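Data block below; observations after.
What follows draws every value from the coordinates through simple rules; no lab data is involved. Here the structure is a predicted model, which is why all the values come from computation and not from measurement. Every residue, glycine as well, gets a Cβ built from its backbone with ideal geometry; the counts of neighbours run over all protein chains shown.
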Amino acid sequence: MGEDVKHADDDFEGGLDAESAGEQESADAQRHPQRVEQNEARELPSQAAAVHQRLRMDGQKELARGSMALLLSAVAAGISMSFSMVARGVMHARLPDSDVGFLVECLGYTIGFIAVILARQQLFTENTVTAVLPIMSNPTRKNFAFLGRLWSVVLVGNLLGAALSAATFLYMPMFDAATHESFTAIGEHMMENSPYEMFAKAILAGWMIATLVWLIPAAGQAKVWVIIIITYVMAIGEFTHIVVGASEGFYLLLIGNISWSELVFQFGLPTLAGNVIGGTFIFALISHAQIRGDKDLSVKAKPDDANGGSRD
């Protein structure tokens with residue numbers, strides 16, 4: 001019975017490192033199919049604990065993936081996220097310059113997120129919560145190295161995809177002059193923010209994306225609506241996102257409206273820092289602390305479980 005309790009704690013708390021997580025799950029399924037089935041059906045302390053466990057296991061798998069697979073998926077995500085710029089730019093060019101027009105065009109902002117999340121592509125801000133949960137559960141030097149590799153590869157891939165999309169939109173005959181003017185106007189409006197404003201708005205954007213990731217497992221058939229609602233609020237609130245904003249920033253850079261220093265120091269670094277703080281150091285940390293509290297209460301409520309149950 002003691003072995004079962006230990007296995008249950010490892011499963012709940014993430015006692016495996018990222019590299020061995022997938023191998024351990026497969027080995028358990030082959031060697032102890034009945035125990036795996038029992039563990040999957042095991043009642044967790046709360047519904048939040050179940051979401052935490054699912055996201056943590058997804059994070060372990062992502063941390064264990066090869067760098068090339070991560071990079072290719074991240075480049076695809078950067079390209080897909082540029083759909084937000086395209087949809088919003090096309091709407092902006094054809095809608096009146098009014099509050100109603102602004103509210104309608106912001107719906108276009110949601111398109112990129114729908115494409116990336118449903119296609120399960122690697123988005124940097126999504127990994128600020130998913131990949132961090134295994135590290136919080138098992139903070140080893142090896143796992144921190146895996147996280148650093150994941151973040152670096154995914155961020156570079158996302159930015160490469162965004163830059164490739166911006167160059168494609170500019171140099172290939174895809175859009176009319178009005179749409180190109182809309183791309184410029186949207187990007188210049190973003191660059192009106194000071195570095196501190198970029199940072200502050202990015203914190204809230206990181207928090208909202210982390211909330212979206214947390215809600216997805218329980219959303220079921222309403223998954224698309226959850227994505228639309230949260231990212232639509234991001235759009236109308238004009239909260240800065242490192243990947244969506246990169247498409248707009250690279251477009252301005254290519255037409256000569258901003259310099260590399262403005263792209264990096266006014267937009268890039270402040271937005272990146274804000275997204276990471278909002279998604280990791282606020283949302284993921286608080287959510288993990290909540291689950292640890294649930295576990296502690298569960299252990300106190302069942303003091304006899306570790307001894308094989310009470311005996312009358």
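In region 131-247, taking the dipole from charged Cβ atoms about the Cα centre, the farthest positive-side position among GLY157, PHE199, ALA131 is held by ALA131. Convex hull of alpha carbon positions in region 121-273: directionally averaged projected area 10.3 nm². Ranked by the mean number of other Cβ atoms within 10 Å of their residues, highest first, the peptides 92-103, 224-235 come out as 224-235, 92-103. Reducing region 65-96 and region 178-199 to their Cα centroids gives an inter-centroid distance of 17 Å.
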